[in-house]
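Data block below; observations after.
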Amino acid sequence: MSTTIPTRPPLSSATGATDDYVVSVVIPCLNEEENIVAVVTQARQALDDAEIAGEVIVADNASEDRSAELATEAGARVVHVPVRGYGSAYLGGFNAAKGRYIVMGDADLTYDFHEIPNFVRELDDGADLVMGNRMNNIQPGAMPWLHRYVGNPLLSGFLNVLFRTGVRDAHCGMRAVRRSALPAMDLRTPGMEFASEMVIRASKAKLDIREFDIQYHPRGGESKLSTWRDGWRHLRFLLAHSPTHLFLIPGLVLLTLGALAMVTVLTGVSLFGREWSIHSLIAGSLGTIVGIQVISLGLCAHAYGMYFMGDVDPWFDRMRSRYRLEHGLAIGGLLTVVGIVAAAVIVIRWASQDFGALSETKLAIASVTMIVIGLQVFFSSFLLSIIGLRRDR
Ligand SMILES: Nc1nc2c(ncn2[C@@H]2O[C@H](COP(=O)(O)OP(=O)(O)OP(=O)(O)O)[C@@H](O)[C@H]2O)c(=O)[nH]1
Ligand SMILES: [Mg+2]
């Protein structure tokens with residue numbers, strides 16, 4: 001497919017009222033006075049060299065140094081974003097951007113803005129989100145060992161296990177996005193996890209995501225990244241957006257192991273060359289109850305994601321259309337009744353012994369477990385239905 005880099009329109013239209021901008025370079029900035037002039041100059045130069053009509057926006061995050069002033073002097077349009085955070089700075093910058101394409105990059109000289117034409121070429125070719133990949137070209141001293149070999153590969157790998165985006169360097173700060181694709185991405189997060197959010201939301205919205213290798217240079221000035229706090233924010237975001245992995249899979253594992261343990265003890269089957277007794281039954285009961293509890297939470301989280309966040313998981317959608325509130329009530333009710341019948345059997349046996357010493361521990365544990373999971377299913381079904389009421393609006 002042929003690719004063209006748009007040429008710069010006559011100066012009058014490029015500087016006038018602005019929908020003529022092809023590219024808005026948006027640069028988030030928090031106390032970067034050592035770098036900001038060089039960064040803005042390089043971005044401006046890169047646009048001019050490639051004859052791309054564009055603007056350079058610095059989204060200043062209430063810097064306490066002279067960053068904003070220096071950026072203006074260097075020729076950038078400065079947008080003041082009072083709420084701190086990498087994502088918050090970008091959301092403010094995106095709102096102000098007028099270009100058809102937005103190219104993003106840090107204000108710390110780690111990225112080379114002369115890459116802009118390469119990003120533009122991919123967008124011209126139909127891409128919606130174009131990611132840089134730093135991992136093959138990290139200059140000495142540019143990235144700490146912990147980030148290079150642990151943090152970034154682990155978090156990007158985990159992101160792909162959960163969301164299968166195919167992006168190898170999900171935290172790369174140099175990327176480009178088609179501005180018209182932003183509504184579909186519905187970005188919201190204020191912190192560093194914004195980097196993950198873009199990739200995940202683009203992937204969920206089935207946008208065209210591409211990636212190519214870029215260089216990563218050592219930073220000027222002080223890093224704003226906090227390894228553990230920001231790493232945790234990314235991880236938290238990934239888990240919170242994947243109820244299947246956070247709740248359903250662990251819940252199903254617990255339920256299966258718990259139920260197997262209970263059946264083994266109650267039927268007296270010998271496993272691993274021995275019989276299992278009361279303590280295994282208690283452990284099995286715990287696994288069963290917690291498993292059902294966690295699965296219920298997962299289903300509610302899926303429903304919330306679907307009705308309130310627009311995150312439709314095809315599997316959950318199919319299940320929702322197949323099962324109704326009444327199915328859940330029937331299953332929950334049945335389990336509860338079975339548990340109550342088992343409890344009644346114990347009472348009858350007790351009465352037949354004139355309420356003397358009782359030794360029905362196994363049946364009692366089974367009965368209590370049934371009643372607990374039955375009630376859990378019954379009331380969770382109502383909660384799911386309440387969350388789903390939104391679909392009628
Ligand atoms: N962390 C952080 N960065 C901000 C904030 N507001 C703007 N930024 C800018 O966002 C960019 C990313 O921050 P960096 O400190 O470069 O983080 P990083 O690129 O992950 O880490 P380094 O490899 O050390 O550069 C920089 O241009 C910051 O100036 C904020 O509130 N927090
Ligand atoms: Mg940086």
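For segment 226-256, enumerate the residues that are among the polar types (S, T, N, Q) and under 16 Å from L159 (Cβ atoms). Scanning segment 226-256 gives S242, T244.
Among the residues of segment 33-59, write down those that are assigned to a helix (DSSP H, G or I) and small (G, A, S). Selection gives A38, A43, A46. The single residue among F158, F113 that is within 16 Å of ligand 2 (Cβ to nearest atom) and of a type outside the set (G, A, S) turns out to be F113. Here are G85, G141, G54, G92: which of them is in contact (Cβ under 8 Å) with a residue 40 or more places away in the chain, assigned by TED's automatic domain parsing to the domain that holds R229 and under 24 Å from V199 (Cα atoms)? Of the residues listed, the single one that is in contact (Cβ under 8 Å) with a residue 40 or more places away in the chain, assigned by TED's automatic domain parsing to the domain that holds R229 and under 24 Å from V199 (Cα atoms) is G85. In the condition set (1) surrounded by 20 or more Cβ atoms within 10 Å (Cβ to Cβ); (2) within 16 Å of ligand 2 (Cβ to nearest atom); (3) in contact (Cβ under 8 Å) with a residue 60 or more places away in the chain, S196 is compliant with all but (3).
Among the residues of segment 275-306, those that are farther than 26 Å from L384 by Cα and either in a helix (DSSP H, G or I) or not assigned by TED's automatic domain parsing to the domain that holds L325 (or both) comprise I278, H279, S280, L281, I282, A283, G284. Scanning segment 60-88 for residues that are assigned to a helix (DSSP H, G or I) and of a type in the set (S, T, N, Q) gives S67, T72, S88.
When C172 is evaluated against the numbered criteria (1) closer than 18 Å to D230 by Cα; (2) open to solvent by 10 Å² or more (accessible area, probe 1.4 Å), which criterion, by number, is the only one it fails? All conditions pass for C172, except number (2). Count of segment 347-393 residues, restricted to those that are farther than 26 Å from T264 by Cβ and in contact (Cβ under 8 Å) with a residue 12 or more places away in the chain, is 12. Every condition in (1) within 18 Å of the chain's Cα centre (by Cα); (2) within 16 Å of ligand 2 (Cβ to nearest atom) is met by M104 except one, and the failing one is (1).
Is it the case that some residue within segment 99-115 is assigned to a loop (DSSP other than H, G, I, E, B), farther than 16 Å from L225 by Cβ, open to solvent by less than 60 Å² (accessible area, probe 1.4 Å) and within 15 Å of ligand 1 (Cβ to nearest atom)? Scanning segment 99-115 turns up at least one residue that is assigned to a loop (DSSP other than H, G, I, E, B), farther than 16 Å from L225 by Cβ, open to solvent by less than 60 Å² (accessible area, probe 1.4 Å) and within 15 Å of ligand 1 (Cβ to nearest atom).
Just one of (1) in contact with an Asp or Glu (Cβ under 9 Å, 6 or more places away or on another chain); (2) of a type in the set (A, V, I, L, M); (3) open to solvent by less than 30 Å² (accessible area, probe 1.4 Å) fails for V269. It is (3). The residue of segment 85-101 that is nearest to ligand 2 (Cβ to nearest atom), among those that are of a type outside the set (A, V, I, L, M, F, W, C) and touching a Pro at 6+ places or on another chain (Cβ under 8 Å), is Y86. P190 meets the stated requirement of being open to solvent by 20 Å² or more (accessible area, probe 1.4 Å), on the phi < 0 side of the Ramachandran plot and touching a Ser or Thr at 6+ places or on another chain (Cβ under 6 Å). Looking only at residues of segment 15-60 that are at pLDDT below 95 and out of contact with any strand residue (DSSP E or B) (no Cβ under 8 Å at 6 or more places or on another chain), we find that the one that is least open to solvent (accessible area, probe 1.4 Å) is G16. Flag not set for R179, criterion: surrounded by fewer than 20 Cβ atoms within 10 Å (Cβ to Cβ), farther than 30 Å from Y21 by Cα and more than 15 Å from ligand 2 (Cβ to nearest atom). Return yes or no: is A330 open to solvent by less than 80 Å² (accessible area, probe 1.4 Å), small (G, A, S), farther than 23 Å from G287 by Cβ and under 39 Å from the mean Cα position of the chain (by Cα)? Criteria met by A330.
Just so you know, in segment 226-248 the residues that are surrounded by fewer than 15 Cβ atoms within 10 Å (Cβ to Cβ) and more than 15 Å from the chain's Cα centre (by Cα) include one that is nearest to ligand 1 (Cβ to nearest atom), and it is S226.
The values are calculated or read from the model by the stated rules, or taken from the named source; none is laboratory data. Everything numeric here is computed off the predicted structure, so don't read it as measured data. Reconstructed Cβ throughout: ideal geometry from the backbone, glycine too, with neighbour counts over all protein chains shown. Areas reflect the complete protein model, heavy atoms only, side chains present, ligands, DNA and RNA absent. Shrake-Rupley method; radii C 1.70, N 1.55, O 1.52, S 1.80 Å.
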